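S.K.: Structure in structure tokens, see below.
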Amino acid sequence: MEAGRDGLVAGGHGAGDDDDHDGDDDLPGTRIDIEGLEHLTLRSVGIDIGSATTHLVFARLGLRRQGGALSARWVVSERDVLHRSPIALTPYRENGTIDADAVLRIVERGYTGARLRADEIDTGAVLITGEALKRENARPIVERFASQGGRFVCASAGPNHEAILAAHGSGAVALSAERRHGTVLHLDIGGGTAKVARIKGGEIRHVAAVSVGARLICVAEDGRATRIDEPGAAYLRAAGMAAPRIGAIVPLAVRRRCAALMWEVLAATIRGGTTGGLAAELLVTPPLPPEPLDGIVAVVVSGGVAEYVYGLEEREYDDLGPLLGEAVRDGIAALFPAGTLVSATERIRATVIGASEYTVQASGQTTYVTRGDVLPVRGLTVVRARIDLGGDAPGRAIVDALARFDRDAIGDDVALALALDGTVSYRALARLGESIKELVAGPDDPARGPLVLLLDIDVARALGRLLTHELGLRLPIVVADGIDVGELDYVDVGRPIGLLGVLPVTVRSLIFPTR
């Protein structure tokens, strides 16, 4: 395994490397397939701590070098799930915070079940989402697990980001890429929220979240309420229960009505546009833009409630899961033509199965770094935006990209990746630079962490100089080009190396199951 790891971080160009002839690797007999040089095998783990449940997925990832140069990108060619831990309820203390010790025991049992030790894991991802993210000790828990072995991506995902993760994890994005035409609608319905994603041609176009979930209201066997979250109380009042409280009897008819109301709220969210009544009150994010439902060619459902939607679970967990699953299944059947509901690759386990890693070297001739002493930086979330250089408002695309990750500004923990379309001119770069400056979070302080920009064309030095010398941005700035990253990637940026200031950039990509 160590040989593979060493090969993974190798980078740079030797005298005989030629990136212009990557296609030669496909010729019979020209590729020497050596573990650690041309392909790697990694063990990976995904740890998902959600509002209602916590579970782990262990996988073996096969990576293959894409191209002949040692700096070429590694792509995942194989992924085999080794072990799925049992689904456990996320443990909370009486004061509402996550019970970190109990979560750690769940993780330890997962490793035991997989017959793996922490030091046998090469890479992985820890996700904390939903209501669990709101607890005051959420972030320290993620960092605690990330430090226990392996090379981890730590992601605290808000509702929009969680919608993107779930759409990939359920297989809905892959299904959309296969079907090409029409919209695939993805619904991820968990314990506290339902996330909605519209996907076209394998690209997530719009996401939203609403307070619809199985564990907003929990009842004991005798019908007495054991948990009523604030949105759950709103549903109970709308169902005719004047004063919802813990310990009160919640009749089956009222619970069934609450499940029906949840579907009505979810259906209003699916339609998009400005909604009124209960749906407007319970939206967690801005609404989806309005869009006709007749363009939807498939509906995929994931999350714990999906087990009931597809009729794969009959057990009850003292919540609204069975009733909500029935309401969603009947609602989809009434709203869409027969056959629109499509099975998900993963349902309650629609999450990452780990993370892959590869290292690239940014050319020192085009990289712009104001201060090398602020590097390295690690674990930056990639926020990717496509910029029309001919447009009047390049900042709008950046604002929209940040919103997908539940952000309103460019923070120190973000690497802003920009795909630039159109003709490059001084005026276009100046407009882009002004937009970036306006969206930088916090004070313009030279002591802060760096503003990291990753570009797909060779204008890194021009944009960096413009931001620093003409727009007067005092933050440390790192601008690199030729870095190919996606919206579910994380990057580490090392210190410049050598006389040319070659910049090492490590990219970690979240990995999902395939259909």
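The values are calculated or read from the model by the stated rules, or taken from the named source; none is laboratory data. All values derive from a computational prediction rather than experimental measurement. Reconstructed Cβ throughout: ideal geometry from the backbone, glycine too, with neighbour counts over all protein chains shown.
S.K.: Report the residue count in the stretch 333-381 for those that are modelled with pLDDT of 85 or more and farther than 20 Å from residue 179 by Cβ.
M.R.: 14
S.K.: Still on this structure, please answer the following. Need the failing condition index for residue 167 against (1) aliphatic (A, V, I, L, M); (2) touching a helix residue (DSSP H, G or I) at 6+ places or on another chain (Cβ under 7 Å); (3) assigned to a helix (DSSP H, G or I); (4) surrounded by fewer than 23 Cβ atoms within 10 Å (Cβ to Cβ), just the number.
M.R.: Result: residue 167 fails condition (4) only.
S.K.: Additional query: Report every pair of residues separated by at least 6 positions or lying on different chains whose Cβ atoms are under 6 Å apart, first residue within the stretch 83-95 and under 12 Å from residue 349 (Cα atoms), second among the polar types (S, T, N, Q) and modelled with pLDDT under 85.
M.R.: Qualifying pairs under 6 Å: 87/53.
S.K.: Something else now. Hey, does the stretch 85-108 have a residue that's buried (at least 21 other Cβ atoms within 10 Å of the Cβ), at pLDDT 70 or above, out of contact with any Asp or Glu (no Cβ under 6 Å at 6 or more places or on another chain) and among the acidic types (Asp, Glu)?
M.R.: No, because not a single residue in the stretch 85-108 is buried (at least 21 other Cβ atoms within 10 Å of the Cβ), at pLDDT 70 or above, out of contact with any Asp or Glu (no Cβ under 6 Å at 6 or more places or on another chain) and among the acidic types (Asp, Glu).
S.K.: I'm checking my understanding of the structure. Among residues of the stretch 294-303 that are touching a Lys or Arg at 6+ places or on another chain (Cβ under 8 Å) and not hydrophobic (A, V, I, L, M, F, W, C), which one is nearest to residue 215 (Cα to Cα)?
M.R.: Across the stretch 294-303, the extreme among qualifying residues is 303.
S.K.: If you check 330, 318, which single one turns out to be more than 25 Å from the chain's Cα centre (by Cα), at pLDDT 95 or above, surrounded by fewer than 18 Cβ atoms within 10 Å (Cβ to Cβ) and among the acidic types (Asp, Glu)?
M.R.: 330
S.K.: In the stretch 289-307, what residues are in contact with a Gly (Cβ under 6 Å, 6 or more places away or on another chain) and either of a type in the set (A, V, I, L, M) or at pLDDT 95 or above (or both)?
M.R.: Scanning the stretch 289-307 gives 297, 305.
S.K.: Could you check the stretch 74-96 and list, in sequence order, the residues that are over 27 Å from residue 115 (Cα atoms) and among the small types (Gly, Ala, Ser)?
M.R.: Within the stretch 74-96, 96 is the sole residue that qualifies.
S.K.: Out of 418, 439, 473, 467, report the one residue that is under 30 Å from residue 174 (Cα atoms) and either of a type in the set (A, V, I, L, M) or modelled with pLDDT of 85 or more (or both).
M.R.: Matching residue, one of 418, 439, 473, 467: 418.
S.K.: Within 25 Å of residue 360 (Cβ to Cβ), under 22 Å from the mean Cα position of the chain (by Cα) and not in a loop (DSSP other than H, G, I, E, B): does that describe residue 416?
M.R.: Spelling it out, residue 416 is indeed within 25 Å of residue 360 (Cβ to Cβ), under 22 Å from the mean Cα position of the chain (by Cα) and not in a loop (DSSP other than H, G, I, E, B).
S.K.: Taking residue 271 as the residue in question, decide whether it is surrounded by fewer than 20 Cβ atoms within 10 Å (Cβ to Cβ) and charged (D, E, K, R).
M.R.: yes
S.K.: Okay, next question. Considering only the stretch 191-226, state which residues are free of Cβ contacts under 8 Å to residues at least 24 places away in the same chain and under 19 Å from residue 261 (Cα atoms).
M.R.: If the condition is that a residue be free of Cβ contacts under 8 Å to residues at least 24 places away in the same chain and under 19 Å from residue 261 (Cα atoms), then no residue fits.
S.K.: If you don't mind, another one. Residue 265 - would you say it is of a type in the set (Val, Ile, Thr), crowded, with 20+ Cβ neighbours inside 10 Å and not in a loop (DSSP other than H, G, I, E, B)?
M.R.: So residue 265 fits the description; yes.
S.K.: Quick one: what pairs do we get from the stretch 387-401, first residue over 22 Å from residue 160 (Cβ atoms), second of a type outside the set (A, V, I, L, M, F, W, C) and part of a loop (DSSP other than H, G, I, E, B), C-beta under 6 Å, 6+ apart or different chains?
M.R.: Short answer, once both residue conditions are applied: 388/422; 389/422; 390/422.
S.K.: Moving on to the next point. So residue 428 clears everything in (1) in contact (Cβ under 8 Å) with a residue 40 or more places away in the chain; (2) surrounded by 18 or more Cβ atoms within 10 Å (Cβ to Cβ); (3) assigned to a helix (DSSP H, G or I) except one condition, right? Which one?
M.R.: Unmet for residue 428, out of (1) in contact (Cβ under 8 Å) with a residue 40 or more places away in the chain; (2) surrounded by 18 or more Cβ atoms within 10 Å (Cβ to Cβ); (3) assigned to a helix (DSSP H, G or I): (1).
Residue-by-condition table, conditions (1) buried (at least 24 other Cβ atoms within 10 Å of the Cβ); (2) in a loop (DSSP other than H, G, I, E, B); (3) at pLDDT below 95:
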site: 192; (1), (2), (3): yes, yes, yes
site: 205; (1), (2), (3): no, no, yes
site: 221; (1), (2), (3): no, yes, yes
site: 232; (1), (2), (3): yes, no, no
site: 244; (1), (2), (3): no, yes, yes
site: 256; (1), (2), (3): no, no, no
